[in-house]
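These notes concern the structure reproduced below.
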Amino acid sequence: MNTTTLDVGGAQLTVATEALFRAWLEKNLGIPQPAAPQPIQPAPGEGERYVGTIIRADGTGHHIYRLPIERGKKMKWAKAMEYAKEKGAELPDRVEGALMYATREDGEYEPEWYWTREQHAGYVDYAWCQDFGGGGQGDDRKDGDCRVVLVRRVAIQSFSH
């Protein structure tokens, strides 16, 4: 990739030359540049909330939908995994848990620990949890009780411009 370095107010700014040229064309000649493609987002189901999109380095990804929350529901990890399967859903993974915390609405989650579907790699008796009180993640014994939130994933099928 070719870059161009500009002196801006005593500071140096380095940008991709192609991006700089496209911006110049649009500003000075009025030639609009195509927007970056965005994943087409399917509508949420009844009572669901769209959380966001996860796109992996290889370009594949999925949309995340939070299913309706059942307040006060706490259970052990194995029961939470079984419960999610019964509902045709899953527990979020750790990345999805962090995204859910980052995009939460006021009062959406109780400020407590919620299970993720990920087991701890080094300790078979532990699984990862997402804290909706402070945003951190930690592990807990699978035989402990944590809250449950369910997600539905929809693979990205296409992008729009």
(message) Could you check segment 48-61 and list, in sequence order, the residues that are farther than 15 Å from Leu150 by Cβ and part of a strand (DSSP E or B)?
(response) Gly52, Thr53, Ile54, Ile55, Gly61
(request) Report, by residue number, each residue of segment 56-76 that is surrounded by 11 or more Cβ atoms within 10 Å (Cβ to Cβ) and acidic (Asp, Glu). (result) Glu70
(message) Being of a type outside the set (Asp, Glu) and within 24 Å of Thr103 (Cα to Cα): is that true of Ala43 here?
(response) yes
(request) Go through (1) touching a residue at least 60 places away in the same chain (Cβ under 8 Å); (2) closer than 30 Å to Thr4 by Cα one by one and return the number of the condition His62 breaks. (result) (2)
(request) State which residue pairs qualify: first residue more than 11 Å from Lys142 (Cα to Cα) and inside segment 117-128, second residue small (Gly, Ala, Ser) and assigned to a loop (DSSP other than H, G, I, E, B) in any location, beta carbons under 6 Å apart, and separation of 6 or more residues or different chains. (result) none
(request) Hey, can you tell me all the residues within segment 19-40 that are open to solvent by 70 Å² or more (accessible area, probe 1.4 Å) and modelled with pLDDT under 75? (result) Pro34, Gln38, Ile40
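The values are calculated or read from the model by the stated rules, or taken from the named source; none is laboratory data. Please read these numbers as outputs of a predicted model, since none were measured by experiment. Note that we place each Cβ from the backbone using ideal geometry, even for glycine, and neighbour counts take in every protein chain shown. All accessible areas refer to the heavy atoms of the entire protein, side chains included, with ligands and DNA or RNA removed. Shrake-Rupley method; radii C 1.70, N 1.55, O 1.52, S 1.80 Å.
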